[in-house]
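Read the structure below first, then the notes.
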Amino acid sequence: MTSYIFAPAEQASVAVRGTTARYAVTRIFCVGRNYAAHALEMGGNPEREPPFYFSKPASALVPTGATVPYPPGTKNYHYEMELVIAIGAPVFKVTPEVARAAAWGYAAGLDMTRRDLQAEAKAAGRPWDTAKGFEQSAVITELVRASDLGPMNAGAITLAVNGVEKQRGDLADMIWSVPEIISNLSQFYHLQPGDLIYTGTPEGVGAVKPGDVITGRVEGLAELSLTIAAAE
Ligand code: MN
């Protein structure tokens with residue numbers, strides 16, 4: 001048996017509807033821009049350019065219902081409501097037709113973002129890690145098995161802050177569909193169970209402050225909520 005100098009961190013995982021067994025998470029991939037109207041509000045190109053990715057550490061996962069402190073180092077802490085894919089089979093360099101079967105389950109998620117740090121990084125051509133991969137930045141609901149859902153190629157995706165709607169989109173407006181994202185990402189990685197993919201957010205992103213309550217929903221999935229507390 002391996003011994004460690006310090007105790008290993010707890011395995012990151014996500015609840016699954018209808019079972020006490022949890023989905024163990026190894027990696028979190030995120031699609032950068034996947035709705036044309038959001039690409040425009042970010043000053044980008046809404047055309048169908050190849051998708052691009054960034055990642056968050058699995059330790060950044062936070063379950064729905066949590067209260068998180070306002071994060072350090074930012075004055076512009078943003079929500080991004082997203083559909084999350086959970087991979088359930090090994091896939092590498094597969095077509096969208098093959099990729100479709102690798103989507104084992106889905107959750108609703110928040111890709112929390114330090115927007116001011118992202119803007120600085122973009123301007124300087126630097127990495128996005130401090131803007132995107134920070135602690136408690138990947139909020140997620142329970143997973144629902146794909147076999148209990150439709151193909152997740154349409155359906156409302158919405159977010160409200162303190163009960164006021166801020167984001168409303170439709171999965172049908174994703175520039176790259178679920179099978180296309182998995183296929184494309186599999187050109188670069190050996191995807192496998194334990195990989196989550198946050199699929200991008202519709203327009204209407206904005207800032208939150210201490211005391212705010214975010215609620216969000218993707219049709220067919222559990223409601224998501226997150227409460228923002230004072231900075232530590
Ligand atoms: Mn995002």
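Along Cα→Cβ, 7 Å out, is where each label goes; now give me the distance between the ones at Lys75 and Thr19 in nm to one decimal.
Calculated label separation equals 4.8 nm.
Please give me the summed charge of the neighbours of Lys56: other residues whose Cβ is under 13 Å from its Cβ, Lys and Arg +1, Asp and Glu -1. Could you put the intermediate results ahead of the total?
Details: positive: Arg27, Arg114, Lys132; negative: Glu80, Glu82, Asp111, Asp129, Glu135, Asp195.
Local net charge: -3.
To make sure I understand the rule: partners must be lysines, Cα under 21 Å from the Cα of Lys56, and not fewer than 8 residues away in the same chain. Which ones qualify?
Lys75, Lys122, Lys132
What does the net charge come to around Ile182 if you take all other residues with beta carbon closer than 12 Å to its beta carbon, with K and R at +1 and D and E at -1?
Values: positive: Lys93, Arg100; negative: Glu97, Glu180, Asp195.
Its environment carries a net charge of -1.
Using 7 Å Cα-to-Cβ label points, what is the Glu97/Arg145 separation (nm, one decimal)?
Modelled inter-label distance: 2.6 nm.
Let's test this: bin the Cα-Cα distances of the chain at 5 Å from zero up to the farthest pair and state each bin's percent.
1, 7, 15, 19, 21, 17, 11, 5, 2, 1, 0
Along the Cα-to-C-beta direction of Val68, a point sits 7 Å from the Cα; which residues of the range 136-170 have their amide N less than 13 Å from that point?
136-141
For the range 7-19, take each phi angle, set θ = phi - 60°, evaluate the Karplus expression 6.51 cos²θ - 1.76 cosθ + 1.60, and give the result in whole Hz per residue in order, putting x for glycine and proline.
My calculation for the range 7-19 gives 4, x, 5, 5, 4, 5, 7, 10, 5, 10, 4, x, 8 Hz in order.
Round to a whole number: what % of the accessible area of the chain belongs to carbon and sulfur, probe 1.4 Å? Write down the numbers at each step before the final one.
On the way: 5870 of 11010 Å².
Answer for the chain: carbon and sulfur cover 53 percent of the accessible area.
Ranked from highest to lowest mean number of other Cβ atoms within 10 Å per residue, what is the order of the peptides 96-102, 108-114? Let's see the in-between values first.
Details: 96-102: 17.0, 108-114: 25.9.
Packing order, densest peptide first, comes out as 108-114, 96-102.
Express the relative contact order of the chain as a whole percentage, based on alpha carbon pairs under 8 Å and six or more residues apart in sequence.
Details: 570 pairs, mean separation 71.5, N = 232.
Here the relative contact order equals 31 percent.
In Å², and per residue, what accessible area does the chain have when probed at 1.4 Å with the other protein chains present? Intermediate values should be presented prior to the final figure.
Numbers: 11010 Å² over 232 residues.
Roughly 47 Å² per residue, with all protein chains present.
Projected area of the range 112-232, taken from the Cα convex hull and averaged over every viewing direction, in nm²?
Working: hull surface 36.0 nm².
Directional mean of the projected Cα hull area for the range 112-232 stands at 9.0 nm².
The values are calculated or read from the model by the stated rules, or taken from the named source; none is laboratory data. Nothing here was measured: the structure is a model prediction, and the numbers come from that model. Virtual Cβ from ideal backbone geometry, glycine too; neighbours counted across all protein chains shown. Side chains are part of the model used for accessible areas, which takes the heavy atoms of the whole protein and leaves out ligands, DNA and RNA. Shrake-Rupley method; radii C 1.70, N 1.55, O 1.52, S 1.80 Å.
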